[in-house]
1. Could you work out which residue, out of G71, G127, G104, moves most in a Gaussian network model of the chain, that is, has the largest mean-square fluctuation with Cα springs under 10 Å?
2. Which ³J(HN,Hα) values in Hz, rounded to whole numbers, follow from the phi angles of segment 126-139 under the Karplus curve 6.51 cos²θ - 1.76 cosθ + 1.60, where θ = phi - 60° and Gly and Pro get x?
3. Name the residue, out of A18, A94, A119, whose mean-square fluctuation peaks in a Gaussian network model built on the chain with Cα pairs under 10 Å.
4. Could you tally the net charge around Y89, taking each other residue with its Cβ under 12 Å from the Cβ of Y89, Lys/Arg +1 and Asp/Glu -1?
5. Taking 0.36 nm per residue of separation and subtracting the Cα-Cα distance, what length does fully extending R19 through M107 add?
6. Hey, what did the chain get for relative contact order, percent, Cα under 8 Å, at least 6 apart?
7. Identify the residues of segment 28-54 with backbone N under 13 Å of a label point that sits 7 angstrom from the Cα of K64 along the Cα-to-Cβ direction, or state none.
8. Set the Förster radius R0 to 35 Å, insert the Cβ-Cβ distance between N83 and H11 as r into 1/(1 + (r/R0)^6), and round the FRET efficiency to 0.05.
Amino acid sequence: WNFGTIFTIYHSTTRSMARFGLLALNKGKWNNEQIVDESFFTQATGSSQDINPSYGYFWWLNGKQKYMLPGGQDIYNGPLVPNAPADMYAAMGAADQRIYIIPGKKMVVVRMGEASDPANPDFAVSGFDNDLWEKINALIN
């Protein structure tokens, strides 16, 4: 997905995205072998600075008291995705490409496809996330 645009950073298949999500969920461990230092994942999935506590090191963090959107200075109160579990962290790419990791549920959810809002395909956080989590919650809760 996302070939040939200026936002092309990570090329993947759904399976590879899920495997990367599992590696993150397990804090760098794969098949009982630590292949990435656990402390890296601990730091990466915590707030990286005070300006936007909902952003770690390349991960969006749910359950914080406020967040800011990419490229903006506006501060929004409340969690990033209100319908998602508070412990969720996510890779949120352009066109609503997503890897959601929920440690408390030992769960990884991957979403690939077209942008939910074609008029705004590069927006990292959108109403799509909250709508999707409303549907997921109906299945898992």
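Bear in mind these aren't lab numbers, they're just calculated from the coordinates by the rules spelled out. Computed from a prediction, not measured in an experiment: that's the story for all the values here. Because the Cβ atoms are built from the backbone with ideal geometry, glycine has one as well, and the counts that use them run over all protein chains shown.
1. In the Gaussian network model the winner is G71.
2. Computed from phi, the couplings for segment 126-139 are 9, x, 3, 4, 5, 4, 4, 5, 4, 6, 4, 4, 5, 8 Hz.
3. Result for the chain, Cα springs under 10 Å: A119 fluctuates most.
4. Around Y89, the surrounding residues sum to +2.
5. The R19-M107 span can extend by a further 30.5 nm.
6. Once divided by the residue count of the chain, the mean separation gives 18 percent.
7. Only 44-54 fall inside the zone, counting backbone N under 13 Å.
8. Rounded to the nearest 0.05, the efficiency is 0.75.
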